[in-house]
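The values are calculated or read from the model by the stated rules, or taken from the named source; none is laboratory data. It should be emphasised that the depicted structure is a prediction, and the values quoted were computed from it without experimental measurement. Glycine also receives a Cβ, built like all others from the backbone with ideal geometry; neighbour counts cover every protein chain displayed. The area values use the complete protein model at the heavy-atom level, side chains included, leaving out ligands, DNA and RNA. Shrake-Rupley method; radii C 1.70, N 1.55, O 1.52, S 1.80 Å.
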Amino acid sequence: MIGTRGVPARYGGFETAIEEIGQRLVGMGHSVRVYCRNPGQEEIAHKGMDLVNLPAYRKSALETLSHTALSVAHCMRHKPDAAVLFNAGNAPLIPALRARGIPTAVHVDGLEWKRAKWQGAGAAYYKRAEALCARSRVELIADAQGIADYLLDEYGRSSHLLAYGAEILDPGADKLPELGVERGGYHLVVARMEPENHVHLIVDGYRRSGSTTPLIVVGSAPYQDDYISFVESLARDTDVRFAGSVWDQDLLNQLYANARSYLHGHSVGGTNPSLLRALGCAAPVTAFDVNFNREVTAGHARFFASAEDVADAIREDDADPRGAEKRGLEGQSHVARAYRWDDVARGYENLLLQMAAGRWNAAEVGEVRAG
């Protein structure tokens with residue numbers, strides 16, 4: 001597993017997917033190696049996965065690619081049966097893996113070139129890298145039907161639809177006092193503080209709503225000081241509480257499970273693990289209105305496209321907490337049926353085994369041909 005911050009999962013969707021899929025592959029009898037870029041990390045194993053922690057050039061535009069280059073070099077010396085390269089931005093490293101004869105699949109994630117942090121040259125690079133992935137003779141993995149449709153429409157490439165999973169939880173509420181909140185007594189945001197996650201719209205909408213129920217904002221982001229300052233300025237004279245990063249996973253699950261509503265602003269990724277986690281905890285969801293979020297929630301959510309939409313959703317959930325709770329339970333029932341980590345891991349196992357053997361069966365591994 002190459003191209004992410006690795007595990008333990010403390011950052012984003014890719015890391016969550018690797019932790020959930022990797023530990024299950026280990027349970028199926030496979031050896032799993034995960035490349036990490038976490039300064040000071042001393043663990044060499046996690047949930048049965050072997051960890052290789054390598055440095056990176058700590059600059060936003062180069063951090064991922066510099067670390068992936070070192071990871072690929074290590075991978076070439078310690079050749080695996082198959083590799084999964086996460087993030088289409090790592091496409092320049094595909095030829096090295098292929099030259100070494102390592103069967104490779106690329107998880108393309110969402111539309112990285114649309115992210116605000118990659119404006120200008122960065123966006124152009126990600127678009128070219130995405131095209132390079134599509135032209136390369138590697139397998140493509142999409143985690144949402146919308147991404148699979150895009151790859152087919154834009155590049156004529158089929159992909160393997162392997163979405164993320166949702167863990168169904170009832171985690172209790174005993175840790176909530178650590179953040180000074182109680183069951184049903186707060187609205188929640190969990191997101192990296194980046195423009196395309198629309199935390200600014202959510203905070204602005206909360207301000208407009210006039211709600212007296214606090215808004216808890218969990219998350220941070222490297223290299224985003226200006227954006228974070230902007231969001232904080234919108235929160236003045238309101239009961240918005242910035243909790244920063246929450247590493248205690250039990251506390252985080254309790255925050256999802258006991259929120260009056262969970263506001264999800266992600267807009268450019270595919271299937272988002274944070275959204276699935278919220279649904280798995282029966283959080284009443286209000287999501288940014290894009291096809292990926294509509295696909296995952298399957299109608300069991302409110303949607304917003306503006307700060308005023310957020311304000312309306314918050315007012316409605318404040319006025320009808322029981323209705324919000326019902327929406328959360330319906331969403332939980334939906335993902336319990338449709339998004340199972342065990343199924344996702346079996347899909348990865350099947351694809352990787354077929355790749356390692358030099359063949360694959362599209363019907364078995366879930367190749368997507370839209371239309």
_Local net charge near Leu279, Cβ-Cβ under 11 Å (Lys/Arg +1, Asp/Glu -1)_ = 0
*Rounding to the nearest 20 debye, state how big the charge dipole of the chain is about its Cα centre with +1 on each Lys and Arg Cβ and -1 on each Asp and Glu Cβ.*
1240 debye
*In square angstrom, rounded to the nearest 10, how much accessible surface does Phe242 have for a 1.4 Å probe?*
80 Å²
*What nm distance separates the two modelled labels at Ala356 and Ser333, each placed 7 Å from Cα along Cα→Cβ?*
4.1 nm
*Percent antiparallel among DSSP beta bridges (both partners in the chain, rounded to 5)*: 10 percent
*asked:* Need one word for the range 157-248: rounded, prolate or oblate. Basis is the Cα gyration tensor (sqrt eigenvalues a ≥ b ≥ c); a/c below 1.5 gives rounded, then a/b vs b/c decides.
replied: oblate
*Could you order His30, His160, His78 by accessible surface area, starting with the largest, using a probe radius of 1.4 Å?*
His78, His30, His160
*asked:* Within the chain, which is the longest segment that contains none of the trypsin sites (Lys or Arg not before Pro) sitting in a DSSP loop with at most 13 other Cβ atoms within 10 Å?
replied: 237-358
*Which Cα, out of Ser233, Ser261, Pro92, lies furthest along the positive dipole direction of the chain (beta carbon charges, K/R +1, D/E -1)?*
Pro92
*R0 = 51 Å: FRET efficiency of Ser233 with Asp81, Cβ-based, nearest 0.05?*
0.50
*Summarise the accessible area of the chain (1.4 Å probe, protein heavy atoms) by the percent that is carbon and sulfur.*
48 percent
*At a probe radius of 1.4 Å, what is the per-residue accessible area of Glu325, in Å² to the nearest 10?*
110 Å²
*Residue (of Gln41, Val26, Thr68) at the positive-pole extreme of the range 9-69, dipole from beta-carbon charges*: Thr68
*Might you tell me the accessible area per residue for the chain, computed with a 1.4 Å probe and given in Å²?*
42 Å²
*Under the classification rounded if a/c is under 1.5, otherwise prolate if a/b is larger than b/c and oblate if not, where does the range 224-371 fall, given a ≥ b ≥ c as square roots of the Cα gyration tensor eigenvalues?*
prolate
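Could you work out the helix-only [θ] at 222 nm for the chain, with each DSSP H run of four or more residues adding -39,500 (n - 2.57) and the total divided by the number of residues, to the nearest 500 deg cm²/dmol?
-13000 deg cm²/dmol
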_Most positive-pole-ward Cα, Ala283, Tyr57, Ala191, against dipole of the chain from beta carbon charges_ = Tyr57
*Among Ile202, Ile147, Ile228, determine the one that fluctuates most according to a GNM of the chain built with springs between C-alpha atoms less than 10 Å apart.*
Ile228
*So what is the relative contact order of the range 135-250, in percent, for Cα pairs below 8 Å that sit 6 or more residues apart?*
21 percent
_Lys pairs, the chain - Cα-Cα below 29 angstrom, 8 or more residues apart or on other chains_ = 9
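Evaluate the relative contact order of the chain (contact order divided by residue number), counting alpha-carbon pairs under 8 angstrom at least 6 apart; express in whole percent.
Worked out over the chain, it gives 17 percent.
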*Roll a 1.4 Å probe over the protein heavy atoms and report the accessible area of Met28 in Å², nearest 10.*
70 Å²
